[in-house]
Number of protein chains: 2
Amino acid sequence: MSNKPLILITNDDGITAPGIRMLISVMNELGDVVVVAPDKGQSGMGHAITINSTIHIDKLTVENEPQIEYSCTGTPADCVKLAVSELLDRKPDLCVSGINHGSNSAINVIYSGTMSAAIEAGMEGIPSIGFSLLDFSLSANFEPARKYIKKIANNVLENGLPSGVILNVNIPKLEADKIQGVKVCRQANATWHEEFDKRIDPRGRTYFWLTGKFVNLDEGEDTDEWALENGYISVVPVQYDLTAYHAIQDLNTRNLNEL
Amino acid sequence: MSNKPLILITNDDGITAPGIRMLISVMNELGDVVVVAPDKGQSGMGHAITINSTIHIDKLTVENEPQIEYSCTGTPADCVKLAVSELLDRKPDLCVSGINHGSNSAINVIYSGTMSAAIEAGMEGIPSIGFSLLDFSLSANFEPARKYIKKIANNVLENGLPSGVILNVNIPKLEADKIQGVKVCRQANATWHEEFDKRIDPRGRTYFWLTGKFVNLDEGEDTDEWALENGYISVVPVQYDLTAYHAIQDLNTRNLNEL
């Protein structure tokens with residue numbers, strides 16, 4: 001049995017996506033890698049889990065590469081649950097998710113299968129990081145991010161993360177010498193202005209495609225959006241305790257018991 | 001045009017579920033109701049949205065009932081997006097989601113389609129509440145909750161909610177005279193211990209059903225789990241700014257820029 005760290009890798013773009021291939025290549029330098037990732041793209045799946053249907057896995061091998069791989073019919077969160085409770089001999093020392101093809105900054109974190117997988121691992125007590133590159137293209141260049149990903153993953157392997165905290169790392173689409181460094185940030189207050197593309201199908205029925213424009217409402221210089229626009233890699237610590245503690249006192253004054 | 005409040009209703013159990021029928025019946029007493037809800041059960045969908053396929057809607061009418069209804073092929077979050085940007089003439093004064101058949105307390109909030117729909121509405125600036133009853137049964141008795149649901153919804157219609165805050169309301173499975181009242185709480189620190197049910201299909205392939213045990217790790221008496229176990233309706237204010245502010249300082253000491 002190896003003394004190297006055990007690293008679980010997943011994503012939401014599917015096990016064949018270039019982003020996860022890059023992440024596997026970096027993590028093979030840091031530890032023993034097990035990949036459990038969706039067999040197809042699962043973008044926008046949020047924290048969905050498979051309750052009402054079955055989950056299948058297939059063990060894969062890639063010639064001349066050391067990692068163990070499983071392709072899974074479930075969601076990104078399913079992949080993590082299945083890895084931890086069925087496929088791995090012990091709890092991994094690190095979980096990394098991605099590299100996502102496209103941003104998961106600001107409010108995108110909430111729709112993101114990549115980040116939900118990382119958060120699921122965090123909920124299992126595994127130090128966990130989601131990585132995303134601001135480039136949707138299948139031919140995106142992940143190489144400039146390599147040394148930063150290695151640095152951040154190594155740091156978390158060495159120091160862990162505070163309990164209940166997961167890192168959301170977004171990488172600007174820049175050449176290596178244009179990246180300004182890493183900035184720890186808060187989640188920008190941003191929103192999507194939906195614009196549904198309304199069409200008529202061949203049988204005369206109306207249908208919709210979801211589209212939208214991302215709008216940053218936040219002028220702060222401590223946000224992930226600011227960092228990315230200014231050439232930095234953004235690191236936002238996120239949590240799954242959703243309680244809005246600041247609102248508890250207000251609600252307690254409302255006498256909701258007086259019927 | 002009516003002067004009454006405009007109330008948007010959705011859920012994740014599907015438009016025909018008894019829980020949403022009850023919620024419609026209560027909200028018809030408070031305002032003009034528009035229902036946009038999934039055409040089928042979408043439990044465990046989290047904050048999934050439909051990016052890579054089309055969304056269809058059907059307008060429905062229910063005899064002798066005043067509300068307008070749309071059945072939607074999308075996820076709960078899709079329903080809210082479509083309602084706000086395509087189906088409603090103006091921004092609703094309130095969005096209510098549920099009543100969910102089953103608990104969305106503690107960490108369940110993160111997997112919940114019901115709560116994700118409410119959170120989506122909150123992100124659109126609509127005061128918003130998710131309601132859940134701790135009873136998965138299709139024949140669950142929602143009647144004891146009626147007066148509390150009306151009270152909480154009325155309060156939010158009158159006073160709004162703090163910016164970025166959504167209410168997660170869970171109702172114990174009790175007779176009306178056994179309910180102790182309403183408690184404002186924080187989200188309990190709880191977890192699921194997954195237990196995958198591993199089977200062999202008729203072709204010899206392994207497959208899994210996701211099952212698990214809910215484990216409350218939190219001994220606090222200010223949590224939603226405590227409230228529910230002690231006969232109270234729990235009200236947790238939740239937020240979609242996931243930033244773990246308390247972790248920013250720690251991360252800033254890690255010198256992630258020193259490559």
Checklist entry - Is there a residue being touching a strand residue (DSSP E or B) at 6+ places or on another chain (Cβ under 8 Å) and not polar (S, T, N, Q) anywhere in the range A:42-55? => result yes
Item to check | Hits in the range A:57-75 - residues which are in contact with a Gly (Cβ under 9 Å, 6 or more places away or on another chain) and at the interface with chain B (Cβ under 10 Å from one of its Cβ atoms) | outcome: A:Ile57, A:Thr75
Next on the checklist: Whether any residue in the range A:17-35 is in a helix (DSSP H, G or I), among the basic types (Lys, Arg) and away from every other protein chain (no Cβ under 14 Å) is what I want to check.
Outcome noted: yes
Item to check | the range A:76-106 - residue that is of a type in the set (Val, Ile, Thr) and crowded, with 24+ Cβ neighbours inside 10 Å and, of those, nearest to the other protein chains (Cβ to nearest Cβ) | outcome: A:Val80
Item to check | Residue in the range A:192-235 that is nearest to the other protein chains (Cβ to nearest Cβ), counting only those that are of a type in the set (Ser, Thr, Tyr) and within 16 Å of B:Leu82 (Cβ to Cβ) | outcome: A:Tyr207
Checklist entry - Taking the range B:129-161 on its own, how many of its residues are within 14 Å of chain A (Cβ to nearest Cβ) and of a type outside the set (A, V, I, L, M)? => result 14
Checklist outcome for this item: Restricting the range A:176-191 to residues that are among the β-branched types (Val, Ile, Thr) and within 8 Å of chain B (Cβ to nearest Cβ), the one surrounded by the fewest Cβ atoms within 10 Å (Cβ to Cβ) turns out to be A:Thr191
Checklist outcome for this item: (1) surrounded by fewer than 19 Cβ atoms within 10 Å (Cβ to Cβ); (2) at pLDDT below 95 all hold for B:Phe208 apart from (1)
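Let's see how each residue does on (1) touching a His at 6+ places or on another chain (Cβ under 9 Å); (2) closer than 28 Å to A:Asp13 by Cα:
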residue: B:Ala48; (1), (2): yes, yes
residue: B:Asp58; (1), (2): no, no
residue: B:Ile68; (1), (2): no, no
residue: B:Lys81; (1), (2): no, yes
residue: B:Pro92; (1), (2): no, no
Checklist outcome for this item: Among strands (runs of 3 or more DSSP E) entirely inside the range A:61-154, those with 1 or more residues being of a type outside the set (Val, Ile, Thr) and over 17 Å from the mean Cα position of the chain (by Cα) are A:68-72
Item to check | Odd one out for A:Thr50, checked against (1) more than 23 Å from A:Leu167 (Cβ to Cβ); (2) in a loop (DSSP other than H, G, I, E, B); (3) more than 7 Å from every other protein chain (Cβ to nearest Cβ) | outcome: (3)
Next on the checklist: Please return the ranges of strands (runs of 3 or more DSSP E) entirely within the range B:175-236 where 1 or more residues are free of Cβ contacts under 8 Å to residues at least 40 places away in the same chain.
Outcome noted: B:190-194, B:197-200, B:206-209, B:212-216
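The values are calculated or read from the model by the stated rules, or taken from the named source; none is laboratory data. Remember, it's a predicted structure, so these values are computed and weren't measured experimentally. Using ideal geometry, Cβ is built from the backbone for each residue, glycine included, and neighbour counts are taken over all protein chains shown.
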